[in-house]
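The structure appears below as structure tokens.
The values are calculated or read from the model by the stated rules, or taken from the named source; none is laboratory data. Treat the numbers as computed from the prediction; the structure is a model and nothing was measured. Glycine also receives a Cβ, built like all others from the backbone with ideal geometry; neighbour counts cover every protein chain displayed. When the accessible area is computed, the model is the full protein with side chains, heavy atoms only, and any ligands, DNA or RNA have been set aside. Shrake-Rupley method; radii C 1.70, N 1.55, O 1.52, S 1.80 Å.
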Amino acid sequence: MTQRGPDDSPDDSLRAATPSNDAGGGGGGRRGAASAVLALACAAQFMVVLDVSVVNVALPSIENALGFDSAGLQWVVNAYALVFAGFLLLGGRLADLYGRKRVFVLGLLLFTASSLVGGLADSPGLLVAARAVQGLGAAVLAPATLTILTTTFSEGAARTRAVATWTAVSSAGGAAGNLIGGVLTDSLSWRWILLINVPIGTLALAAALAFLTPDRERGQGQRLDVPGAVLATVGVGSLTYGISQIESRGWSGPTTAVALAVGVLALAAFAAVEARFARAPLMPPRLFRIRAISVGNTVMLLAGACFIPMWYFLSLYMQNVLHYGALKAGLGFLPHTLVGIAGARLAPRLMESIGARRLIVLSAALSAAGFLWQSRATPDSGYLVGLLGPAVVMSAGMGLLITPITTTVTSGISDADAGAASGLMNATRQIGGSVGLAVLVAIAAGSGHTPAALSDDYGRAFLAMAAMLAAVVVGALALPVTRERTGAGAGRPMAGKRAR
């Protein structure tokens, strides 16, 4: 990948999308275009992450308006989550093969159009179908946003700052979903939790056409690995579906067992196809020989298993133990959001001074301490001790943690494999969240229904999250040592042999 000089400006890949590069304004034009690309990628990522959780608060209104039964209502959430997880690997590779701008625009079109259809839906089936297409658009869009950043900004401080902003926006989208969903549902209608994406998506489409670099013509013979795409999608989708059924049907239920078995077998077949038969693998096996990718994705899996379920258990604690309403619970997440964003913005400076690996270790330890504190909350703890104090500690750690992991996993990757690496990282985080939630729900299961009993149940889940973050601390020690620098060679491992 092209390295930058000390001016720390974006690489030449932006020139085709910028105004004239005369001596007087070329650098400023490139920096302005880079800022526009960053804003565009962050806006798209915000929509993708927001729609994972924004429907939760609106589910009762949707049930009453469209006549869902209790079994069907869960698919308003699951249709999006399952398709999103299942197609992430494919979505990441599409950008490598067919061009990042084309795939980004395709993802935006799918996501925006399905949001419009879902917002206007007049039947349960149409809403669920629209949510499934939304998930497909999100699976195409999410890896593309990160790929665009990693190919626009060369390795070093500028890329780290861009990834930190992307991470902060992702955290804000996840945390703000419940709050925005509550406000829109109470003040307008549940339909606006989907319709709000239409003006945002339309503006993002216009910006993509204006600012993204035109795709280069791809070489001959680069075709999509169809068997690998099918196996990966079936494997991840079945595995995620099986995990989602554990809470209601148990580990040994026929639906759960069949789905998990199909998922494991499909992923095993996928690994064999990629290693031996695919001419242009969906997930090139050579990537896993890079230690930053293999270890980094393991660390991301464990982190996702904590940070995604965190919102679920905090929402239950606030509503079932502290008896907060939906809107008050949404407001209760504001400290987590603000501290997480602040941590993500601070991460690049700390990476420059202590390196990515040390920051991962320290931030995971900080988050573990916050989860340990949260596990001790009781009905009598009150807001300051039961929520605000733990929120500051664990959200600070969370905000500091994701940026160095993301930067580590995507560093040293050629442009030709950038989409595959981004898709893998997004899939790892999503699968980690699904697996983690299923396991933690089982750990938290109890027979009591009083606030004190529920508090104990949720406490066990937070204690388990603290233990997983302790495992992140240990796993991070196997990552290659890197240190952010602003000059030539920025972002490279300190010792070349140790990166592999």
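So how many residues does segment 193-214 have that are part of a helix (DSSP H, G or I) and either open to solvent by less than 40 Å² (accessible area, probe 1.4 Å) or closer than 17 Å to residue 52 by Cβ (or both)?
Matching residues across segment 193-214 total 11.
Under the condition of being in contact with a helix residue (DSSP H, G or I) (Cβ under 8 Å, 6 or more places away or on another chain), surrounded by fewer than 21 Cβ atoms within 10 Å (Cβ to Cβ) and β-branched (Val, Ile, Thr), which residue from segment 458-481 is farthest from residue 139 (Cα to Cα)?
Only one residue fits best here, namely 481.
Tell me which residues, restricted to segment 312-370, are charged (D, E, K, R) and touching a residue at least 40 places away in the same chain (Cβ under 8 Å).
Selection gives 345, 352, 357.
Conditions tested, residue by residue: (1) modelled with pLDDT under 90; (2) of a type outside the set (Val, Ile, Thr); (3) at positive phi; (4) more than 16 Å from the chain's Cα centre (by Cα).
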| position | (1), (2), (3), (4) |
| --- | --- |
| 106 | no, yes, no, yes |
| 114 | no, yes, no, yes |
| 144 | yes, yes, no, no |
| 173 | yes, yes, no, no |
| 188 | yes, yes, no, yes |
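So residue 71 passes all but one of these: (1) within 30 Å of residue 237 (Cβ to Cβ); (2) open to solvent by 20 Å² or more (accessible area, probe 1.4 Å); (3) modelled with pLDDT of 70 or more; (4) hydrophobic (A, V, I, L, M, F, W, C). Which condition number does it fail?
Residue 71 satisfies every listed condition except (3).
What number of residues within segment 56-68 satisfy the criterion of being open to solvent by 20 Å² or more (accessible area, probe 1.4 Å) and either free of Cβ contacts under 8 Å to residues at least 40 places away in the same chain or within 26 Å of the chain's Cα centre (by Cα) (or both)?
6
Could you list, ordered by first residue, the pairs with Cβ atoms under 6 Å in which the first is in segment 202-221 and at pLDDT 85 or above and the second is open to solvent by less than 70 Å² (accessible area, probe 1.4 Å) and aromatic (Phe, Trp, Tyr), at least 6 apart or interchain?
The qualifying pairs are 208/104.
Does residue 55 satisfy the criteria of being outside any helix (DSSP H, G or I) and at pLDDT 75 or above?
yes
Here is a check on your reading of the model: is residue 437 modelled with pLDDT of 80 or more and either part of a helix (DSSP H, G or I) or open to solvent by 10 Å² or more (accessible area, probe 1.4 Å) (or both)?
no
When the residues of segment 367-405 are filtered to those that are among the hydroxyl-bearing types (Ser, Thr, Tyr) and assigned to a helix (DSSP H, G or I), which remaining residue is farthest from residue 302 (Cα to Cα)?
Only one residue tops the list, namely 383.
Determine whether segment 478-489 contains at least one residue that is modelled with pLDDT of 75 or more and assigned to a helix (DSSP H, G or I).
no
In the set 422, 411, 455, which member is open to solvent by less than 30 Å² (accessible area, probe 1.4 Å) and touching a strand residue (DSSP E or B) at 6+ places or on another chain (Cβ under 8 Å)?
Being open to solvent by less than 30 Å² (accessible area, probe 1.4 Å) and touching a strand residue (DSSP E or B) at 6+ places or on another chain (Cβ under 8 Å) holds for just one of 422, 411, 455, which is 411.
Among the candidates 93, 102, 131, 161, single out the residue that is open to solvent by less than 10 Å² (accessible area, probe 1.4 Å), in contact with a helix residue (DSSP H, G or I) (Cβ under 9 Å, 6 or more places away or on another chain) and basic (Lys, Arg).
Only one candidate qualifies: 131.
Among the candidates 230, 234, which residue alone is without any contact (Cβ under 8 Å) to a residue 24 or more places away in the chain and either assigned to a helix (DSSP H, G or I) or crowded, with 17+ Cβ neighbours inside 10 Å (or both)?
It is 230.
Yes or no: residue 77 surrounded by 20 or more Cβ atoms within 10 Å (Cβ to Cβ) and either farther than 24 Å from residue 182 by Cβ or at pLDDT 75 or above (or both)?
Spelling it out, it is not the case that residue 77 is surrounded by 20 or more Cβ atoms within 10 Å (Cβ to Cβ) and either farther than 24 Å from residue 182 by Cβ or at pLDDT 75 or above (or both).
Of the numbered conditions (1) part of a helix (DSSP H, G or I); (2) closer than 18 Å to residue 134 by Cβ, residue 190 satisfies every one except a single condition; which is it?
Checking residue 190 against (1) part of a helix (DSSP H, G or I); (2) closer than 18 Å to residue 134 by Cβ, the one that fails is (1).
Please work out which one of (1) touching a residue at least 40 places away in the same chain (Cβ under 8 Å); (2) of a type in the set (A, V, I, L, M, F, W, C); (3) open to solvent by 30 Å² or more (accessible area, probe 1.4 Å) is the condition residue 148 fails and give its number.
Going through the list (1) touching a residue at least 40 places away in the same chain (Cβ under 8 Å); (2) of a type in the set (A, V, I, L, M, F, W, C); (3) open to solvent by 30 Å² or more (accessible area, probe 1.4 Å), residue 148 breaks only (3).
Between residues in segment 248-259 that are at positive phi and residues that are surrounded by 12 or more Cβ atoms within 10 Å (Cβ to Cβ), which pairs lie under 9 Å by C-beta distance while being six or more apart or on different chains?
Close Cβ pairs (under 9 Å, with a partner that is surrounded by 12 or more Cβ atoms within 10 Å (Cβ to Cβ)) amount to 250/256.
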